[in-house]
Amino acid sequence: MLPVYATNKILKNTKVYKNIFIMTVSGNYDIIPGQFFMVRSWGIELLLSRPLSVFDAGCGYVSFLYEIRGRGTKILSGMKAGDSISMLGPLGNGFDLSNIKGRAAMVAGGIGLTPMLYTAKKMVGCEVDLYAGFREDVYIVDKFKEYVDNIYLATDSGKAGHKGFITDIFDPKKYSVVLCCGPWTMMEKVIKKCIKCDVLIFISMERRMACGVGACLGCTCKTKNGNKRVCKDGPVFNGRDVIIG
Ligand SMILES: Cc1cc2nc3c(=O)[nH]c(=O)nc-3n(C[C@H](O)[C@H](O)[C@H](O)COP(=O)(O)OP(=O)(O)OC[C@H]3O[C@@H](n4cnc5c(N)ncnc54)[C@H](O)[C@@H]3O)c2cc1C
Ligand code: FES
């Protein structure tokens, strides 16, 4: 049976940086880290929902970290506590934590940090290092301090951490597994490095989505094992299975 949309109440919708917000919504869900919801504002005309990863979740709430990119996320940013929101999920495969053991690295670029916080919380028994790259300023990283062992930063501007790309300072040799989410060019570099060092790599892929449940084939990507739907077969893929340039 296909999952159905639920209407939930917004508890908080707070700006955390220029165009970046955290929206906390009421609801109790059994979530695998790395899963996402299709989200849309209730009562406002907007044909398609927007996929958002679970940033955090707990008893009675789910939260999303999102960046305003276009019309849908702009509408979301204007919503207030007490407003209703329509949500379908949790969707997708998420990170299989039984594959994730030992010393782990999370490598994220900007808003690619979204699936990592809840995942770090659930990686009990692993030593986890976070590598986070930003264009100008660092945001949201403080929330990870409680759940990871070390945090390494890079900014294009040089305002914090290494001046340049996070991939410049990331060395997979120290890790048994790497989780990655961010711009495709960054993920390609991380995959190549991990393959070279024979380290397990899982990536969370981003595609534009329509249905979110595997029915429309709108989110298809090519892999070494044929075409896959990012919403249903992913969004998490083994980095060795995806086709890189
Ligand atoms: C599984 C999954 C999880 C995601 N989780 C998050 C999250 O936690 N936080 C977050 O901020 N974003 C996340 N995204 C991206 C988010 O869904 C898009 O930013 C959002 O759909 C944009 O909608 P919009 O109406 O604001 O912009 P639109 O008006 O639809 O698009 C504006 C412009 O943004 C670009 N764009 C929009 N969507 C995408 C996309 N999926 N891939 C590449 N470019 C795109 C296009 O250039 C487009 O022209 C996720 C995407 C996927 C597939
Ligand atoms: S969005 Fe419809 S199949 Fe993935």
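The values are calculated or read from the model by the stated rules, or taken from the named source; none is laboratory data. All values reported here derive from a predicted model rather than from experimental measurement. Cβ: placed from backbone, ideal geometry, glycine included. Neighbour counts: every protein chain shown. All accessible areas refer to the heavy atoms of the entire protein, side chains included, with ligands and DNA or RNA removed. Shrake-Rupley method; radii C 1.70, N 1.55, O 1.52, S 1.80 Å.
Listing for the model above:
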read-out	value
Of the trypsin sites (Lys or Arg not before Pro) in the range 1-38, those whose Cβ has at most 10 other Cβ within 10 Å and which sit in DSSP loop	LYS18
For SER98, solvent-accessible area (1.4 Å; no DNA, RNA or ligand), Å²	70
Whichever aspartates and glutamates have a C-alpha closer than 14 Å to that of LYS9, once near sequence neighbours (fewer than 8 apart) are set aside	ASP83
For the range 144-241, projected area of the alpha-carbon convex hull averaged over all directions, nm²	7.7
The range 30-149: relative contact order as a whole-number percent, Cα under 8 Å and 6+ apart	28
Radius of gyration and maximum dimension Dmax of the range 173-227, Cα, Å	13.5, 41
Net charge of Cβ neighbours under 14 Å - reference TYR5; Lys, Arg +1; Asp, Glu -1	+2
Residues listed by number, the range 175-189, amide nitrogen under 17 Å from TYR152 label point at 7 Å toward C-beta	175-182, 186-189
Debye-sum result for the range 1-119 in log10 I(q)/I(0), which assumes one identical scatterer on each alpha carbon, at q = 0.16, 0.24 Å⁻¹	-0.74, -1.57
Crossing angle, helix 184-196 versus the chain [Cα axis fit, 0-90 degrees, rounded to tens]	40
Diffusion constant of the range 82-188 at 10 °C, which comes from Stokes-Einstein with the Kirkwood Cα-pair radius and 1.306 mPa s, µm²/s	109
Net charge contributed by nearby residues that have their C-beta within less than 13 Å of VAL25 (K/R +1, D/E -1)	+2
Violating pairs (Cα-Cα greater than 18 angstrom) within the set LYS121/LYS143; LYS122/LYS145; LYS74/LYS232; LYS18/LYS74; LYS12/LYS122	LYS74/LYS232; LYS12/LYS122
Sequence of TYR152, TYR118, TYR17 from largest to smallest accessible area, 1.4 Å probe	TYR152, TYR17, TYR118
Kirkwood Rh and Cα Rg combined as Rg over Rh, evaluated for the chain	0.95
